[in-house]
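Student: Take a look at the following structure, please.
The values are calculated or read from the model by the stated rules, or taken from the named source; none is laboratory data. If you're wondering where the values come from, they're calculated on a predicted model, not measured in any experiment. Virtual Cβ from ideal backbone geometry, glycine too; neighbours counted across all protein chains shown.
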Amino acid sequence: MRRIATPLCFAALLAVRAAALVIHGGTGTENFAAPTAGDGGDPGYANVGDRGVYLGNYGGNFWVLTATHVGAGNIKLGGTTYTMVGGSSVAVLNNDTSPTDLTLFRISTDPGLPTLNLLSGADPGVTAAVRLMGDGRNEGASTFVNWGIAPGGGANDDVWTVGGGTDKSGYTTVGNTLGVRWGDNQVTGSTTFNIGTGNTLGFHMQFTSAAYNSMAQVGDSGGATFYYTGGTWYLAGILSAVGTFGSGQTPDNQPADTAVFGNFTIAASVASYNSFITSAIPEPSAYAALAGLLALGAITLRRWRRA
């Protein structure tokens, strides 16, 4: 994930990539397996890898969606590495053809996983419950801390001291490599952000002290944000950045590798780019129609040759 300063003036601020999830009230060891029906269901845990989200099999082509700043390449899904098809990368573009922080690419072999439903129309609304899944840093064990913060008087120079007060609370994180982790949050609004890869339409979720509230961290970029509506899970966003307390904020100078209440997770919107994505990777029905047209053409050609 990229890291950018909060509040929501994301476009003009410093960005840092995200990694694995932090879950408030967790131990850093839970939610490293697919959620069960008792958890509200599994939207596609096995489809989330270390480089992006496997969308599915489209006419024999196996497509992945990731964050542009992560980049196309080989992806690990469920412990197996799948090779990217050379030259298959497609940059997802805005209506004015400018770049975004979304990229499609193909892998060479079929992982045998379900094809995900892609959200269309509009992003999940404010307060909508979403499920995040990413493969990055987490809080480890017993790393909830309080910080005392001494204003530095300048730009981005506040001093954060662990245990020095209760000005801010949250977690320090560790670079565990335990695999994909999932957690829940609520949408707090929409945004246009730019982390150096182009203006991108997206939405954000705030990290709060609510029980089991989750936040993305470094390494989670390219992970998934899922949304359940109408009895169906949809891929609603690709994890792209985290918003932290930085220059121009009060306080500023948030320490690296931390998740602090008041931070944000930012996802690039799948619904906003659905038309581009589905035109680049036509729905299976489109492939069936194309196959029908090709078959009809072959019949016509044979008849012409016989005439």
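Yes/no matrix, rows are residues, columns are (1) among the aliphatic types (A, V, I, L, M); (2) touching an Asp or Glu at 6+ places or on another chain (Cβ under 7 Å); (3) part of a loop (DSSP other than H, G, I, E, B):
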site: ALA34; (1), (2), (3): yes, yes, yes
site: GLY41; (1), (2), (3): no, no, yes
site: ARG51; (1), (2), (3): no, no, yes
site: LEU55; (1), (2), (3): yes, no, no
site: VAL64; (1), (2), (3): yes, no, no
site: VAL70; (1), (2), (3): yes, no, yes
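Student: Taking the range 123-160 as the search range and keeping residues that are out of contact with any strand residue (DSSP E or B) (no Cβ under 7 Å at 6 or more places or on another chain) and either crowded, with 17+ Cβ neighbours inside 10 Å or of a type in the set (A, V, I, L, M, F, W, C) (or both), which one is modelled with the lowest pLDDT?
Tutor: ALA141
Student: Quick one: which residue in THR250, THR278 is at pLDDT below 95, outside any strand (DSSP E or B) and surrounded by fewer than 24 Cβ atoms within 10 Å (Cβ to Cβ)?
Tutor: Only one candidate qualifies: THR250.
Student: Collect the residues in the range 203-227 that are assigned to a loop (DSSP other than H, G, I, E, B) and surrounded by fewer than 24 Cβ atoms within 10 Å (Cβ to Cβ), keeping them in residue-number order.
Tutor: Passing the criteria: THR208, SER209, ALA210, ALA211, TYR212.
Student: Output the number of residues of the range 281-300 satisfying the condition of being at pLDDT below 90 and either part of a loop (DSSP other than H, G, I, E, B) or charged (D, E, K, R) (or both). Working first, answer last.
Tutor: As a first pass, look at the range 281-300 and keep what is at pLDDT below 90: 282-300.
Keeping just the survivors that are either part of a loop (DSSP other than H, G, I, E, B) or charged (D, E, K, R) (or both) gives 282-283.
Residues that pass the stated criteria total 2.
Student: Then there's this: Just to be sure I understand the filter: pairs with C-beta atoms under 9 Å, separated by 6 or more residues or on different chains, first member in the range 162-183 and over 21 Å from THR265 (Cβ atoms), second member part of a loop (DSSP other than H, G, I, E, B). Which pairs pass?
Tutor: From the range 162-183, the pairs are VAL162/PRO255; ASP167/PRO251.
Student: Let me ask something else. Can you name the condition, by its number, that VAL180 falls short on among (1) crowded, with 18+ Cβ neighbours inside 10 Å; (2) of a type in the set (A, V, I, L, M); (3) farther than 26 Å from PHE226 by Cβ?
Tutor: (3)
Student: Now for a different question. Name the single residue, out of those in the range 256-267 being at pLDDT below 95 and over 17 Å from the mean Cα position of the chain (by Cα), that is farthest from PRO124 (Cα to Cα).
Tutor: Filtering the range 256-267 for residues at pLDDT below 95 gives 256-259.
Filter again for over 17 Å from the mean Cα position of the chain (by Cα), leaving 256-258.
Working: ALA256: 30, ASP257: 28, THR258: 27 Å.
For the range 256-267, the residue satisfying everything is ALA256.
Student: Enumerate the pairs (first residue in the range 69-83 and without any contact (Cβ under 8 Å) to a residue 60 or more places away in the chain; second residue anywhere and aromatic (Phe, Trp, Tyr) and surrounded by 14 or more Cβ atoms within 10 Å (Cβ to Cβ)) with beta-carbon separation below 7 Å, excluding pairs fewer than 6 apart on the same chain, so at least 6 apart or on different chains.
Tutor: ALA72/PHE105; ASN74/TYR82; ILE75/TYR82; LEU77/TYR54
Student: Let me ask something else. Restricting attention to the range 15-44, and to residues there that are among the charged types (D, E, K, R) and surrounded by fewer than 20 Cβ atoms within 10 Å (Cβ to Cβ), which single residue is modelled with the lowest pLDDT?
Tutor: Taking the range 15-44 first, the residues among the charged types (D, E, K, R) are 17, 30, 39, 42.
From what is left, the residues that are surrounded by fewer than 20 Cβ atoms within 10 Å (Cβ to Cβ) are 30, 39, 42.
On the way: GLU30: 89, ASP39: 95, ASP42: 98.
Here the answer is GLU30.
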